[in-house]
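K.L.:
One structure coming up, written as C-alpha cells, with questions to follow.
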Amino acid sequence: MNCHCEGYNCPVDVTLDMIGGKYKSLILWHLVNRTLRFGALKKLISQATSKMLTQQLRELEEDGLVTRTVYPVVPPKVEYALTDLGRSIRPILTAMYDWGADYMQKRGMEINCSMSQEP
C-alpha cells in the first residue's frame with residue numbers, strides 16, 4: 001500500500017484523500033460484492049472518461065483498496081476487485097449514501113446516481 005496521504009495528522013483527511021476522488025466512491029461501491037472488468041465499470045460509471053476511470057482505479061490500487069488481475073489471454077482480460085481493506089470501507093460508503101440521500105430528500109432533490117441500488 002502506497003497511500004499518497006503521508007503528512008496528514010487527521011484520520012478524516014486520510015479517509016477523504018483515499019476515497020474522495022471524483023469516481024472513487026462509485027468504483028468502490030460497485031466492487032463491494034463483485035469483481036468487474038473495466039468495461040463493466042465504464043458502463044456503470046458512464047460519466048467518467050476512460051482516462052479518468054483508469055486514473056482513479058490506479059490510485060485505488062496504489063492505496064491498497066483495489067486489486068487488478070490481468071489474465072494472459074487475447075484480447076487482454078483485466079478484472080478489478082476489492083481487497084480486504086477495500087471491503088472494510090462499505091459501512092462508510094453506506095453511511096455517506098444514507099446521509100446524502102436524507103439531505104437531498106429533505107430538500108426535494110432527485111437522487112439519480114449509480115449508487116442508488118444497495119451493493
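K.L.:
How high is the relative contact order of the stretch 11-106, in percent, with contacts defined as C-alpha pairs under 8 Å that are six or more residues apart?
P.N.:
29
K.L.:
Oh, and also: Could you give the size of the charge dipole of the stretch 1-93 about its Cα centre, using +1 on the Cβ of each K and R and -1 on the Cβ of each D and E, expressed in debye and rounded to the nearest 20?
P.N.:
The dipole of the stretch 1-93 has a size of about 620 debye.
K.L.:
Could you run the Karplus curve 6.51 cos²θ - 1.76 cosθ + 1.60 with θ = phi - 60° over the stretch 78-94 and give me ³J(HN,Hα) per residue in whole Hz, x for Gly and Pro?
P.N.:
Values per residue, Gly and Pro as x: 10, 10, 10, 8, 7, 7, 4, 4, x, 5, 5, 7, 3, x, 5, 4, 4 Hz.
K.L.:
Under the rule a/c < 1.5 gives rounded, and otherwise a/b versus b/c splits prolate from oblate, where does the chain land using the Cα gyration tensor?
P.N.:
oblate
K.L.:
Ok, one more. Projected onto the charge dipole of the chain (+1 at Lys/Arg Cβ, -1 at Asp/Glu Cβ, origin at the Cα centre), which of Asn9, Val74, Leu60 gives the Cα projection farthest towards the positive end?
P.N.:
The residue sitting most towards the positive pole is Val74.
K.L.:
Enumerate the residues in the stretch 17-36 having an amide nitrogen under 20 Å from the point lying 7 Å beyond the Cα of Cys113 toward its Cβ.
P.N.:
Answer for the stretch 17-36: 17-34.
K.L.:
Ordered by packing density, taken as the mean number of other Cβ atoms within 10 Å over each peptide's residues, highest first, how do 73-80, 30-37 rank?
P.N.:
Highest to lowest by the protection proxy: 30-37, 73-80.
K.L.:
Residue farthest toward the positive end of the dipole of the chain, with Cβ of Lys/Arg at +1 and Asp/Glu at -1: which of Leu93, Ser46, Leu31?
P.N.:
Ser46
Laboratory data are not the source of any read-out in this text; all were calculated from the coordinates shown. Because the structure is a prediction, the values reported are computed rather than measured. All Cβ positions, glycine included, derive from the backbone under ideal geometry; neighbour counts span all protein chains shown.
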